[in-house]
Amino acid sequence: MALKGQGMRVAVLGGGVAGLTAAMELAERGFEVTVVEPAGWGGKARSAWVPGTGTGGRLDLPSEHGFRFFPGFYRSLPDTLRRIPVDGVKGGVEANLREATHMLSARSGRVGERLTDVSSAAGARTPMEFLRAVWVDSGGQGLTSEELLYFANRMLVYMTSSDERRLGQWELTSWWDFAGADHASEEYRRACVVGATRTVVAARAEVCSTHTVGGFMEAFSYGFLGQGEEIHAADRLLNGPTSTAWIDPWTSHLASLGVRLELGWRVERLSVAGSRVTGAELHGRQGQRRELTADWYVCALPVHRVGALLDRGLAEADADLKSVTGLSTDWMVGIQFYLTEPVPVTRGHVLYLDSPWALTSVSQAQFWDCDFSATYGDGTVADCLSVDISSWDTPGILYGKPARECTRSEVAAEVWAQLCDGLNGGGRTALHRGLLHSWELDPAVRNLDGPAHAVNDEPLLINTTDSWAARPRAATAATNLFMAGDYVRSPVNLATMEGANQSARLAVNALLEKAGSTGAPAAVHALHQPEELERLKQVDAELFAQGRAHILDGPPPWALSGRG
């Protein structure tokens, strides 16, 4: 590979999904890569272990920041997974993914719950079948025909909107306003407005951008309908703890490529001379200090860590990066309940639409290629119910307090109560106290039991309205500094593992261009856009340029009728 730059040494600052992706793409192209990471390889995607819980030769119980979810529209990340070798396994780490065949929309007391077959075996689906399967209950509690048709209209408006309108109008419009939530029924708000934001992207519908939520709903819908350049199962999960099934093979592969992986080092400051970064000051866990120098730098730190570097060299490298301080984060935190019996609630995700804390869960043991009780814990734990808590500011049903104001034990008790509310009733009891062996709340959440305000060391970016402009591009004003992370602009436009992976590929491509490389760039996969809708988007681009509304856009029928 021909280069016109200063050399081949690259320092990757941060060892999450973005940093490890950048390291892999660069190492495959012959660069000498060093990755530094303060906490653990994989970042928010890594697994943790509950200390002291493994006995008799078994491993400690596994825990996660949150369960891993690989929807069918992911393309860049699966490409990385299949290139990570696993001994004796064809297809690499991607072969460790298992299809989640069903999705349960749980309701309080199991009244009006909806089980949806999302498997590839179910065959082709129509858009109306998708809408009815997910959001309408035949028992009468679900959406009315009027509400269903209006939500279908919202999806069609977004899917046929031009790129110009998506950025120029929908980026500035909240999902709450776009979906017509004002004066709508409580059921419509829960199923179509709040449920789509809180349980998926941990954001309030009132502030989350339609550009983001609409894009996710569009991408997931195409995956569910079996459309796209690559057809995958709509929902996949790993066959074991994330670090075991994915991150450990990844770091082993990177080491085999010659990547230097240095754990326990935090980036404290960047040194800048003119338009170039000349070094990164690192602090070790034991107070050590050292300077890391390279020809090229990829900043793959999470967004809340990037802000801390702005007055320590980063803003000097590129003043426009100051805009990241305007980005918002929120909490989407995992808690694991370890059960004494297998409880496969459903073979896939459960969305608790009536839970004030916007819970989602997965029963993990059914997907893992091991005997859970023989592998983990003290021999009496047969399953792990992994739960994501997405709303930390809403009062719960047990203590009447938001999660941020609860102790750790109160959080666990409250989440358990909300799970039971959605899974027990109608003469069926899925959960009871006798099943509960123990629990583990993500240790990234601190101070819940103390007098200080609770903090989360690993918050999640929230795509609020008009936040796209504040998000950095992969290339910066510095000639040898590049940005990677789930907050960097990318086609997926959502704080996900796919977004982190795509941003790293964009950073690598920007580096290759600056270096004058003649090698092939990293593939950055666009989201599926059906050819059948292209003409409608062209018409919409013309309308938007004239300052006119989308041809299908209009107010909700309840606004016209004065309901509310």
Notebook entry, point to check: For Gly140, are the conditions met, namely being outside any helix (DSSP H, G or I) and either at pLDDT below 90 or of a type in the set (S, T, N, Q) (or both)?
Noted result: yes
Next item on the list: Please work out if Gly379 is in contact with a Gly (Cβ under 7 Å, 6 or more places away or on another chain) and in a loop (DSSP other than H, G, I, E, B).
Entry: yes
Checklist line | Filtered residues of the range 475-489 (kept if open to solvent by less than 10 Å² (accessible area, probe 1.4 Å) and either more than 17 Å from Ser271 (Cβ to Cβ) or assigned to a loop (DSSP other than H, G, I, E, B) (or both)) | finding: Ala478, Asn480, Met483, Ala484, Gly485, Tyr487, Val488
Next item on the list: Looking only at the range 187-209, decide whether some residue is closer than 25 Å to Leu543 by Cβ, open to solvent by 20 Å² or more (accessible area, probe 1.4 Å), touching a helix residue (DSSP H, G or I) at 6+ places or on another chain (Cβ under 9 Å) and not basic (Lys, Arg).
Entry: no
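Table: residues versus (1) more than 29 Å from the chain's Cα centre (by Cα); (2) closer than 28 Å to Leu156 by Cα; (3) without any contact (Cβ under 8 Å) to a residue 12 or more places away in the chain.
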| site | (1), (2), (3) |
| --- | --- |
| Pro472 | no, no, no |
| Phe482 | no, no, no |
| Val488 | no, yes, no |
| Leu506 | no, no, no |
| Arg535 | yes, yes, yes |
| Asp540 | yes, yes, no |
| Gln546 | yes, yes, yes |
Next item on the list: Take Phe67 and decide whether it is at pLDDT below 90, under 30 Å from Arg446 (Cβ atoms) and either surrounded by fewer than 21 Cβ atoms within 10 Å (Cβ to Cβ) or in contact with a strand residue (DSSP E or B) (Cβ under 9 Å, 6 or more places away or on another chain) (or both).
Entry: yes
Check: Which of the residues belonging to the range 254-279 are open to solvent by 30 Å² or more (accessible area, probe 1.4 Å) and either closer than 30 Å to Val93 by Cα or touching a residue at least 60 places away in the same chain (Cβ under 8 Å) (or both)?
Finding: Ala255, Ser256, Leu257, Gly258, Arg260, Leu261, Leu263, Trp265, Arg266, Ser275, Arg276
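Pick from Leu77, Leu20: which is of a type in the set (A, V, I, L, M), at pLDDT 95 or above and either under 24 Å from Ala219 (Cα atoms) or assigned to a loop (DSSP other than H, G, I, E, B) (or both)? So that I can check it myself, show each step before the final result.
Working: Leu20 fails: either under 24 Å from Ala219 (Cα atoms) or assigned to a loop (DSSP other than H, G, I, E, B) (or both).
Result of the check over Leu77, Leu20: Leu77.
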Checklist line | Lone unmet requirement of (1) modelled with pLDDT under 95; (2) part of a loop (DSSP other than H, G, I, E, B); (3) open to solvent by 20 Å² or more (accessible area, probe 1.4 Å); (4) not hydrophobic (A, V, I, L, M, F, W, C) for Lys44 | finding: (2)
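The values are calculated or read from the model by the stated rules, or taken from the named source; none is laboratory data. As the structure is a computational prediction, the values presented were derived from the model and not from experiment. Cβ coordinates were reconstructed from backbone atoms using ideal geometry, including for glycine residues, and neighbour counts include every protein chain displayed. Please note that ligands, DNA and RNA were not included when accessible areas were found on the heavy atoms of the full protein model with its side chains. Shrake-Rupley method; radii C 1.70, N 1.55, O 1.52, S 1.80 Å.
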